[in-house]
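Visitor: This structure is in structure tokens; I'll ask about it shortly.
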Amino acid sequence: MTGEKGEGKRAPNLCPDLHRARRLGFPEVVYAPGKTPGELRDIVKSLLASDPRLLVTRADLEQYRALDGLGSTLWFHDAARVITHGYPSVRRRGLVSVISAGTTDNPVAEEAAITAEMCGCRVLMIRDVGVAGLHRVLERVEDLQAASVHIVIAGMEGALPSVVGGLLPGPIIAVPTSVGYGASFQGLAPLLGMLNSCAPGVTVVNIDNGFGAGFAAARILALGPRDEDAEETEE
């Protein structure tokens, strides 16, 4: 019956998790696909009122333009399809390497790197070192030994994480990409290859999930002490 208590009222469309930074060390991350520019603006406005740090993944230029005026440090990283605002509140000790097999893996690699950086990690990018030219990754082993955690990104047959996992002692986070011809099945073949890696301890995230890999690397480094000397001031 209309007019009764609660009748005719709609639940609010937005319910952002404003306490996630207290639990996890970083605010809620926004997944942009499926959201209208207006919806995204409302969500971002609510989040920025609580914390100056913002990460929006899989965004497009139209969605970015809808956020105009919400913050002085809003930035659209077109290669990664990521929107950021603000800076890390702390710097974590240790280094994350982001290793990609080929140029076509760059969007996923950029997403992983930006995510890790926003969570306070220093990142070393190693690009275009796929196993078809094995000498390329072998030439970078000395550089990679400085990193505490390794994110390894590859499509095709997905062999690169096994190679890196057999060379370096740190945690390996493998990211299969949807790069490849028909039998790669949009990333399913490298996903299965990485899950069946003969290198012990390789951990695998979902296809094209650079964000998940970057956040996982930050969680691993969060187990260690913060680098107080490198602490940044939030804006």
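Visitor: What ranking, highest mean first, results for peptides 204-214, 176-186 when packing means the other Cβ atoms within 10 Å averaged over each residue?
Guide: Values: 204-214: 22.7, 176-186: 17.8.
Highest to lowest by the protection proxy: 204-214, 176-186.
Visitor: Once amide H atoms are placed 1.01 Å from N in the peptide plane, what residues at a sequence separation of 5 or more from R93, or on another chain, have their amide H within under 5 Å of its amide H?
Guide: Amide H neighbours of R93: D227.
Visitor: Apply 1/(1 + (r/R0)^6) to the Cβ-Cβ distance of S50 and R136, taking R0 = 41 Å, and write down the FRET efficiency to the nearest 0.05.
Guide: Numbers: r = 44 Å, r/R0 = 1.07.
Using R0 = 41 Å, I get an efficiency of 0.40.
Visitor: Ranking request for peptides 90-100, 131-141, 107-117, 61-71: highest mean number of other beta-carbon atoms within 10 Å first, then the rest in descending order.
Guide: Numbers: 90-100: 24.1, 131-141: 13.5, 107-117: 26.3, 61-71: 15.2.
Result, highest mean first: 107-117, 90-100, 61-71, 131-141.
Visitor: Working out 0.36 nm times the residue gap between D42 and Y181, then minus their Cα-Cα distance, what length gain in nm do you get to one decimal? Could you put the intermediate results ahead of the total?
Guide: Numbers: separation 139, 0.36 × 139 = 50.04 nm, distance 3.98 nm.
Computed gain between D42 and Y181 is 46.1 nm.
Visitor: Moving on to the next point. Could you run the Karplus curve 6.51 cos²θ - 1.76 cosθ + 1.60 with θ = phi - 60° over the range 149-156 and give me ³J(HN,Hα) per residue in whole Hz, x for Gly and Pro?
Guide: In residue order, the calculated couplings are 9, 10, 9, 10, 10, 7, x, 6 Hz.
Visitor: Would you mind calculating the gained length between R65 and R20 on full extension (0.36 nm times residue separation, minus the Cα-Cα distance), in nm to one decimal? Before the final figure, lay out the partial values.
Guide: Working: separation 45, 0.36 × 45 = 16.20 nm, distance 2.61 nm.
Full extension of this stretch gives 13.6 nm more.
Visitor: Can you work out ³J(HN,Hα) from phi for every residue in the range 55-71, in order, using Karplus 6.51 cos²θ - 1.76 cosθ + 1.60 and θ = phi - 60°, giving whole Hz and x for Gly and Pro?
Guide: Working through the residues one at a time gives 9, 10, 9, 6, 8, 10, 5, 4, 5, 4, 5, 5, 8, 3, x, 7, x Hz.
Visitor: Tell me, what HN-Hα J-couplings in whole Hz come from the Karplus equation 6.51 cos²θ - 1.76 cosθ + 1.60 at θ = phi - 60° for each residue of the range 75-85, using x for Gly and Pro?
Guide: Karplus values, whole Hz, x for Gly and Pro: 9, 9, 9, 5, 4, 8, 6, 10, 10, 10, 8.
Visitor: Same structure, new question: For the range 20-85, which semi-axes, largest first and in whole Å, follow from the square roots of 5 times the eigenvalues of its Cα gyration tensor? Write down the numbers at each step before the final one.
Guide: On the way: eigenvalues 63, 31, 26 Å².
Gyration-tensor ellipsoid for the range 20-85: 18, 12, 11 Å.
Visitor: Another question about this same structure. At 7 Å along the Cα-to-beta-carbon direction for both L188 and Y87, put a label point, then send me their distance in nm to one decimal.
Guide: 4.6 nm
Visitor: Another question, if that's okay. Taking neighbour counts of Cβ atoms within 10 Å as a proxy for exposure, in what order, fewest first, do C119, C198 appear?
Guide: Values: C119 25, C198 8.
Fewest-to-most ranking of C119, C198: C198, C119.
Visitor: Okay, next question. Can you give the direction-averaged projected area of the convex hull of the alpha-carbon atoms in the range 95-222, in nm²? The partial results should precede the final answer.
Guide: Numbers: hull surface 25.6 nm².
That works out to 6.4 nm², a quarter of the Cα hull's surface.
Visitor: For L124 and H77, FRET efficiency with R0 = 22 Å and r from the beta-carbon atoms, rounded to 0.05? Could you put the intermediate results ahead of the total?
Guide: Values: r = 18 Å, r/R0 = 0.81.
Efficiency computed from Cβ-Cβ geometry: 0.80.
Visitor: Separate question: Give me the distance between the Cα centres of the range 145-177 and the range 80-112, rounded to whole Å.
Guide: Cα centres, the range 145-177 to the range 80-112: 15 Å.
Visitor: Ok, one more. Using modelled amide H (1.01 Å from N, peptide plane; none on Pro or chain starts), what sits under 5 Å from the amide H of S178, excluding residues fewer than 5 places away?
Guide: Those lying under 5 Å, H to H, from S178 are D208.
Visitor: Hey, another quick one. Quick one: T36, T104, fewest Cβ neighbours within 10 Å first, how do they rank? Present the calculation step by step, with values, prior to reporting the outcome.
Guide: Details: T36 11, T104 15.
Neighbour counts put them in this order, fewest first: T36, T104.
Taken together, the values in this text are just the output of simple stated rules run on the coordinates, not laboratory data. Remember, predicted model here, so these are calculated numbers, not experimental data. Methodologically, a virtual Cβ is constructed for each residue, glycine included, from the backbone with ideal geometry; neighbour enumeration extends over all protein chains shown.
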